[in-house]
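These notes concern the structure reproduced below.
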Amino acid sequence: MTATIATAVCLVLGVPLAWVLARADFPGRRLVRALVTVPLVLPPVVGGVALLLVFGRRGLLGGWLDATFGVSLPFTTAGVVLAEAFVAMPFLVISVEGALRGADARYEEAAATLGASKWTAFRRITLPLIAPGVLAGGVLCWARALGEFGATITFAGNFPGRTQTMPLAVYLALEQDADAAIVLSLILLVVSVTILAALRDKWVTA
Amino acid sequence: MTLRARLTVKRDPFVLDIELSAAAGEVVALLGPNGAGKTTALRALAGLTGLHEGEIVLDGIRVDREPPERRRIGVVFQDYLLFPHLSALDNVAFGPRCRHVPRREAREQAARWLSRVGLAEHARKKPRQLSGGQAQRVALARALAAEPKLLLLDEPLAALDARTRLDTRAQLRHHLAGFGGATVLVTHDPLDALMLADRLVIVEEGRIVQTGDAATITAQPRTDYVARLVGLNLYRGRAEGGTVFLPDGFPLVTASAEHGEVFVAFPPSAVALYASRPDGSPRNTWQATVSSVARHGDALRIELAGEIPVAADVTPASAVHLDLAPGRQVWASVKATEVRAYRA
């Protein structure tokens, strides 16, 4: 559930970001790309610590958020979404950016000469052309968010019903009831294999 | 719907600097060798490449600061760039849809355009199911359906095979005649330019070297490129009455009397070759060495080196008779009546 919301967040933020990275040429683009992909190489626990430092009650933004809006992200469901999105975003951005680079930018030029604004050209021409890339990125992103453990437990904790995710439940169950852990693990395994099997066809044909 | 434009685009070390105009209903061809800057000029007009200097005025309104989508300039790209995920009909309807024509009506307009280019029964096909000639016509219909004030065509026939090209050229000519706005067409094929355009603008290395109608340009080329294009031998020299002296002093006797700097041109078919010095008229006769022999239509095109480089057309029979092969020494002569001189 939180994985789905996190994927939606990634799509809304990641697709425009990928477009900027693929099409626009601005100073510091390398830095932005490095920042986007850093969660890939960062141990998720470190990501969680980083999120705490930024969005924690005493964090860089968290303190301000708490003071102005009374919003506190750590140890809430929204916090889980944020942690999952943070870790899963690179999968989407890299996939979509690749698709965008593969798509011929001249189609956008052709659309412009026909009177299409940048947004219309993106919505009606570019997006359909890169749809396979967006779909693949979205599914990867969702799968990563579903399996997210380290950043979630560090940033959002493990409260059943509030911030407990499947991997967290598996970890907890393993300590108390090994059979339940196996069942949960199997469910995760089946879901993952199903998704990857569905995706492979997409990759092969696309 | 007239165009008046001055374009300067710098792309180190290349500089494009040309002035262009086209009246309503007029077809102007930009003709030039590859890399002359023709496509850059087209992209600059459409707003896809920025101008460093200059202006583009359409119907008295400056559009060079407008983004491409607000210029009302249609483009038929060299490889058409039909949107691969849309049917032919939706490709053509895209322009009207962008002008907020309701979907139904846009599709009706698109259907009318497709039937006008003779593709009514292919409306539902995707671009990859269309042949090259059909795709070209869809691209033309798509550009025209957006109701542009100026239509730009980039090598519209270059991607087609020779046979399709002939048919498509005739159809394109017909559709351009029915278009009320100005048209600028870019090509490196002189035949396309001569067949489709009312006026030719020859571009070399980013500059205009000659403009005029087809008859003037084919009769009086002003650069080597144009001369080769229309198949003439071209030289520049100083005329003194009926004789033109080329820079190294070589005299050519001409039919007309001119004075001062002139171009001299004569067709390769006017050059006669002899094994030994010909008798009679001694004028315009010189010794030359064959540097290459190539087939040219029914004749053979002989390139000669010597006091002046010259191309000559001979029949295969006389080539055999003269034993023409690279390195062979021959005498060349041109009748003065075939040599035309005109002011530089």
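The values are calculated or read from the model by the stated rules, or taken from the named source; none is laboratory data. Only a predicted model underlies this, so the values are computations on that prediction, with no experimental measurement involved. Because the Cβ atoms are built from the backbone with ideal geometry, glycine has one as well, and the counts that use them run over all protein chains shown. Please note that ligands, DNA and RNA were not included when accessible areas were found on the heavy atoms of the full protein model with its side chains. Shrake-Rupley method; radii C 1.70, N 1.55, O 1.52, S 1.80 Å.
Looking at the structure I just gave you, is B:Gln210 open to solvent by less than 70 Å² (accessible area, probe 1.4 Å), at pLDDT 90 or above and touching a His at 6+ places or on another chain (Cβ under 7 Å)?
no
Within segment B:291-309, can you find the residues that are closer than 14 Å to B:Ser333 by Cα and among the aliphatic types (A, V, I, L, M)?
B:Ile302, B:Leu304, B:Ala305, B:Ile308
Just the residues that are among the basic types (Lys, Arg) and either more than 16 Å from B:Ala146 (Cα to Cα) or away from chain A (no Cβ under 13 Å) (or both), please, taken from segment B:36-83. Don't jump to the end; show me each part of the working.
Just the residues of segment B:36-83 that are among the basic types (Lys, Arg), to begin with: B:38, B:43, B:62, B:65, B:70-72.
Within segment B:36-83, B:Lys38, B:Arg43, B:Arg62, B:Arg65 meet the criteria.
Residue by residue through segment A:149-184, note down the ones that are within 17 Å of A:Ala3 (Cβ to Cβ), touching a helix residue (DSSP H, G or I) at 6+ places or on another chain (Cβ under 7 Å) and open to solvent by 50 Å² or more (accessible area, probe 1.4 Å).
Scanning segment A:149-184 gives A:Phe149, A:Ile153, A:Arg162, A:Met166.
Which of the residues belonging to segment B:84-107 are within 31 Å of the chain's Cα centre (by Cα), hydrophobic (A, V, I, L, M, F, W, C) and at the interface with another protein chain (Cβ under 7 Å from one of its Cβ atoms)?
B:Phe94
Can you tell me which condition B:Glu19 does not meet? The list is (1) away from every other protein chain (no Cβ under 14 Å); (2) at pLDDT 90 or above; (3) under 24 Å from A:Arg106 (Cβ atoms); (4) open to solvent by 40 Å² or more (accessible area, probe 1.4 Å), and all the others hold.
(3)
With the condition kept exactly as written, say whether any residue in segment B:176-188 is open to solvent by 10 Å² or more (accessible area, probe 1.4 Å), assigned by TED's automatic domain parsing to the domain that holds B:Val138 and either at positive phi or in a strand (DSSP E or B) (or both).
Kept after step one, since they are open to solvent by 10 Å² or more (accessible area, probe 1.4 Å), are these residues of segment B:176-188: B:177-180, B:188.
This time we only want the ones that are assigned by TED's automatic domain parsing to the domain that holds B:Val138, so: B:177-180, B:188.
Filter again for either at positive phi or in a strand (DSSP E or B) (or both), leaving none.
Among the residues of segment B:176-188, not one is open to solvent by 10 Å² or more (accessible area, probe 1.4 Å), assigned by TED's automatic domain parsing to the domain that holds B:Val138 and either at positive phi or in a strand (DSSP E or B) (or both), which makes the answer no.
Would you mind stating whether A:Pro74 is in contact with a Leu (Cβ under 8 Å, 6 or more places away or on another chain) and either surrounded by fewer than 17 Cβ atoms within 10 Å (Cβ to Cβ) or not in a helix (DSSP H, G or I) (or both)?
Numbers: in contact with a Leu (Cβ under 8 Å, 6 or more places away or on another chain): yes; either surrounded by fewer than 17 Cβ atoms within 10 Å (Cβ to Cβ) or not in a helix (DSSP H, G or I) (or both): yes.
Here the answer is yes, as A:Pro74 does meet what is asked.
Residues to consider are A:Val54, A:Val32, A:Val49; find the one that is on the phi < 0 side of the Ramachandran plot and out of contact with any Leu (no Cβ under 8 Å at 6 or more places or on another chain).
Going through A:Val54, A:Val32, A:Val49 in turn, just one is on the phi < 0 side of the Ramachandran plot and out of contact with any Leu (no Cβ under 8 Å at 6 or more places or on another chain): A:Val49.
Mind listing just one residue for me: the one in segment A:104-128 that is crowded, with 20+ Cβ neighbours inside 10 Å and aliphatic (A, V, I, L, M) and, of those, farthest from A:Pro167 (Cα to Cα)?
By that ranking, first place goes to A:Leu114.
What are the residues in segment B:285-323 that are open to solvent by 60 Å² or more (accessible area, probe 1.4 Å) and among the acidic types (Asp, Glu), if any?
Selection gives B:Asp298, B:Glu303, B:Glu307, B:Asp323.
Considering every residue within segment A:87-98, establish whether at least one is free of Cβ contacts under 8 Å to residues at least 40 places away in the same chain, within 14 Å of chain B (Cβ to nearest Cβ) and of a type outside the set (A, V, I, L, M, F, W, C).
Looking for residues that are free of Cβ contacts under 8 Å to residues at least 40 places away in the same chain, within 14 Å of chain B (Cβ to nearest Cβ) and of a type outside the set (A, V, I, L, M, F, W, C), one finds none in segment A:87-98, hence no.
Inside segment A:3-29, can you point out the residues that are open to solvent by 30 Å² or more (accessible area, probe 1.4 Å), at pLDDT below 80 and more than 23 Å from A:Lys118 (Cα to Cα)?
Of everything in segment A:3-29, just one residue is open to solvent by 30 Å² or more (accessible area, probe 1.4 Å), at pLDDT below 80 and more than 23 Å from A:Lys118 (Cα to Cα), namely A:Thr4.
With the condition kept exactly as written, say whether any residue in segment B:324-335 is open to solvent by 80 Å² or more (accessible area, probe 1.4 Å), over 15 Å from B:Thr243 (Cα atoms), touching a strand residue (DSSP E or B) at 6+ places or on another chain (Cβ under 6 Å) and not in a strand (DSSP E or B).
So far as segment B:324-335 goes, yes, one or more of its residues are open to solvent by 80 Å² or more (accessible area, probe 1.4 Å), over 15 Å from B:Thr243 (Cα atoms), touching a strand residue (DSSP E or B) at 6+ places or on another chain (Cβ under 6 Å) and not in a strand (DSSP E or B).
Can you pull out every residue in segment B:98-157 that is open to solvent by 50 Å² or more (accessible area, probe 1.4 Å), closer than 26 Å to B:Ala197 by Cβ, in contact with a helix residue (DSSP H, G or I) (Cβ under 8 Å, 6 or more places away or on another chain) and not in a helix (DSSP H, G or I)?
If the condition is that a residue be open to solvent by 50 Å² or more (accessible area, probe 1.4 Å), closer than 26 Å to B:Ala197 by Cβ, in contact with a helix residue (DSSP H, G or I) (Cβ under 8 Å, 6 or more places away or on another chain) and not in a helix (DSSP H, G or I), then B:Ser131, B:Glu147 are the ones that fit.
Across segment A:121-142, which residue is farthest from A:Ala83 (Cα to Cα) among those that are at the interface with chain B (Cβ under 10 Å from one of its Cβ atoms) and of a type in the set (Gly, Ala, Ser)?
Filtering segment A:121-142 for residues that are at the interface with chain B (Cβ under 10 Å from one of its Cβ atoms) and of a type in the set (Gly, Ala, Ser), the one farthest from A:Ala83 (Cα to Cα) comes out as A:Ala121.
Considering only residues that are farther than 14 Å from B:Ala93 by Cβ and acidic (Asp, Glu), look in segment B:123-163 and name the one that is farthest from the chain's Cα centre (by Cα).
B:Asp161
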